[in-house]
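Presented below is the structure to which this report refers.
The values are calculated or read from the model by the stated rules, or taken from the named source; none is laboratory data. These numbers come from a predicted model, not from an experiment. With ideal geometry, Cβ positions are generated from the backbone for all residues, glycine too; neighbour counts draw on all protein chains shown. With ligands, DNA and RNA removed, areas are computed over all heavy atoms of the protein, side chains included. Shrake-Rupley method; radii C 1.70, N 1.55, O 1.52, S 1.80 Å.
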Amino acid sequence: MSEAAEAFVIAQTFSAAPRARFQTDRHYLLYARAGMMILEAGGRRWTLPPARAAIIPADAPIHITLPRPVEAASILFGPAVFAAPAAELKVIDMSPLTLELVRACSVFTDRKRPLDAYARQLFSTLAMVVGRL
């Protein structure tokens, strides 16, 4: 794994954007706090409002369309540390527990800083909960 932390969060607002290819070298939990995204992979299409999140495995190409601005919270997990999701792209309903774990993890935005035991446990718990949904 690179020198980046085992896991970290990117919270950002994106402007509306046309369909574009997306791929990353980390497992990716994509959550739209506000707004909506359209995701496509494997010939299927999903909408991603704030009640849902997408789990995208490392190196899996997908397409994303932003019909209007989106406030997103993206949790990136190192593939050497967290198990790969089983599907090319999976959309899940956000449970109250998952929402709280995303909020708790949202303070860990430094992608170069190693996680302490508390942060590692939060991200690990989030990965386990998401894996069960």
- Message: Given the options A54, A117, A80, A41, name the one that is touching a Lys or Arg at 6+ places or on another chain (Cβ under 8 Å) and either open to solvent by 20 Å² or more (accessible area, probe 1.4 Å) or not hydroxyl-bearing (S, T, Y) (or both).
- Response: A54
- Query: Just to be sure, is M94 open to solvent by 20 Å² or more (accessible area, probe 1.4 Å) and either more than 13 Å from I55 (Cα to Cα) or under 13 Å from the mean Cα position of the chain (by Cα) (or both)?
  - Reply: yes
- Checked E6, E40 against criteria (within 21 Å of L122 (Cβ to Cβ) and not aliphatic (A, V, I, L, M)); the one match is E6
- of a type in the set (A, V, I, L, M), in contact (Cβ under 8 Å) with a residue 12 or more places away in the chain and surrounded by fewer than 18 Cβ atoms within 10 Å (Cβ to Cβ) - does that describe any residue in the range 1-8? yes
- Within the range 88-116, count every residue that is in contact (Cβ under 8 Å) with a residue 60 or more places away in the chain and in a helix (DSSP H, G or I). 2
- Message: Is it the case, given these coordinates, that E71 is assigned to a strand (DSSP E or B) and open to solvent by 60 Å² or more (accessible area, probe 1.4 Å)?
- Response: yes
